[in-house]
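Participant: The structure under discussion is supplied below as C-alpha cells; questions concerning it will follow.
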Amino acid sequence: MSRDCEQLARNVDDPAISESSDPWRSIGEYAVALGEANGNIDATRECQRRQRERLKGK
C-alpha cells in the first residue's frame, strides 16, 4: 500500500501573529489555514476510500 494518503494529511502552519498584527487580518489568516487543514482532511479521507475500493476488488 502506498503512502499517498498520508502525504495528503500534512499539518498546516499557524499564521504568524504579533502584538502589532491587525486582529481582523489574523482572523482571516486563521480562517484560510483552517480551510486548508479541512481540505487536507477531506483529501485524505477520499484517498483512503479509493484505496479501500481498490483493495476490495483484489
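The values are calculated or read from the model by the stated rules, or taken from the named source; none is laboratory data. Everything numeric in this text was worked out from a predicted model, so none of it was measured. All Cβ positions, glycine included, derive from the backbone under ideal geometry; neighbour counts span all protein chains shown. To get the accessible areas, we keep the full protein, side chains included, count just its heavy atoms, and leave off ligands, DNA and RNA. Shrake-Rupley method; radii C 1.70, N 1.55, O 1.52, S 1.80 Å.
Participant: Here's a check for you: in the stretch 31-49, which residue that is over 8 Å from the mean Cα position of the chain (by Cα) and small (Gly, Ala, Ser) is most open to solvent (accessible area, probe 1.4 Å)?
Facilitator: Among residues in the stretch 31-49 that are over 8 Å from the mean Cα position of the chain (by Cα) and small (Gly, Ala, Ser), the one most open to solvent (accessible area, probe 1.4 Å) is 31.
Participant: Quick check, is residue 55 of a type in the set (A, V, I, L, M, F, W, C) and either modelled with pLDDT of 95 or more or in contact with a helix residue (DSSP H, G or I) (Cβ under 6 Å, 6 or more places away or on another chain) (or both)? If you could, list the steps in order and put the result at the bottom.
Facilitator: Details: of a type in the set (A, V, I, L, M, F, W, C): yes; either modelled with pLDDT of 95 or more or in contact with a helix residue (DSSP H, G or I) (Cβ under 6 Å, 6 or more places away or on another chain) (or both): no.
So residue 55 fails the test.
Participant: Return the residue satisfying two criteria in turn: it lies in the stretch 1-30 and is part of a loop (DSSP other than H, G, I, E, B) and of a type in the set (A, V, I, L, M, F, W, C), and of such residues it is least open to solvent (accessible area, probe 1.4 Å). It would help to see each step written out before you state the result.
Facilitator: Of all residues in the stretch 1-30, those part of a loop (DSSP other than H, G, I, E, B) come to 1-3, 9-22.
Filter once more, so that each one left must be of a type in the set (A, V, I, L, M, F, W, C): 1, 9, 12, 16-17.
Working: 1: 169, 9: 57, 12: 36, 16: 92, 17: 84 Å².
My answer is 12.
Participant: Any idea which residue in the stretch 7-37 is nearest to residue 55 (Cα to Cα), counting only those that are of a type in the set (D, E, K, R) and either touching a residue at least 24 places away in the same chain (Cβ under 8 Å) or touching a helix residue (DSSP H, G or I) at 6+ places or on another chain (Cβ under 6 Å) (or both)?
Facilitator: In this case the residue turns out to be 10.
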